[in-house]
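Below you'll find the structure, written out as structure tokens, and then a few comments.
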Amino acid sequence: YKSNAAIDAKKDLGIQTVDFPKYSPDLNPCDYFLWQCIDRRMDSCAPKGRETKTSFMARLRRVALATNRATIRKALAQMKPRIQAVYDAKGAHITMDA
């Protein structure tokens, strides 16, 4: 899509593109939604004392795998309006409630 032939074809057809950054947290469901959800759940089941790295990783795995499908669907349902908002902002950062 970024080859010279594609660029020329888009120009000939009058297609204007919006260049989004390679990494856009606004379009990554893990960044704008799921990590917050997992963070809250991790906090709610954190041990009182110190925790080893191994036990932390095991707890993180349990919490992540216990994320229900409705939560995942909610994150994915937000994609279309987020994509539109980023497009309308010409690739700039957007502010949306998760």
Point to revise | Cα-centred dipole magnitude for the chain, charges only on beta-carbon of K, R (+1) and D, E (-1), debye, nearest 20 | key: 600
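So which of 11/90; 48/74; 2/90 end up more than 23 Å apart by C-alpha?
Numbers: 11/90 18 Å; 48/74 31 Å; 2/90 18 Å.
Beyond 23 Å: 48/74.
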Point to revise | FRET efficiency, 1/(1 + (r/R0)^6) with R0 35 Å, evaluated for residue 83 and residue 46 via beta carbons | key: 0.50
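Over the stretch 28-97, with the other protein chains present, what is the accessible area per residue in square angstrom, probe 1.4 angstrom?
Numbers: 5390 Å² over 70 residues.
Value returned for the stretch 28-97: 77 Å² of accessible area per residue.
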Practice item. Could you run the Debye sum over the Cα atoms of the chain, one equal point scatterer each and no solvent, and tell me log10 of I(q)/I(0) at q = 0.10, 0.12, 0.13, 0.25 Å⁻¹, two decimals? Key: -0.45, -0.59, -0.65, -1.23
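If packing is taken as the average count of other Cβ atoms within 10 Å, what order do 26-38, 57-69 fall into, highest mean first? Kindly include the intermediate steps, with their values, before the conclusion.
Working: 26-38: 16.5, 57-69: 11.8.
Those peptides, ordered most packed to least, come out 26-38, 57-69.
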Review point. Rounded to a whole number, what % of the accessible area of the stretch 29-72 do carbon and sulfur atoms account for, probe 1.4 Å?
Key: 57
Point to revise | GNM result for the chain, Cα springs below 10 Å: residue of 11, 53, 80 fluctuating most strongly | key: 11
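The values are calculated or read from the model by the stated rules, or taken from the named source; none is laboratory data. These figures come from a predicted structure and were not determined experimentally. We place every Cβ from the backbone using ideal geometry, glycine too, and count neighbours over all the protein chains shown. Accessible surface areas use protein heavy atoms only, side chains included; no ligands, DNA or RNA. Shrake-Rupley method; radii C 1.70, N 1.55, O 1.52, S 1.80 Å.
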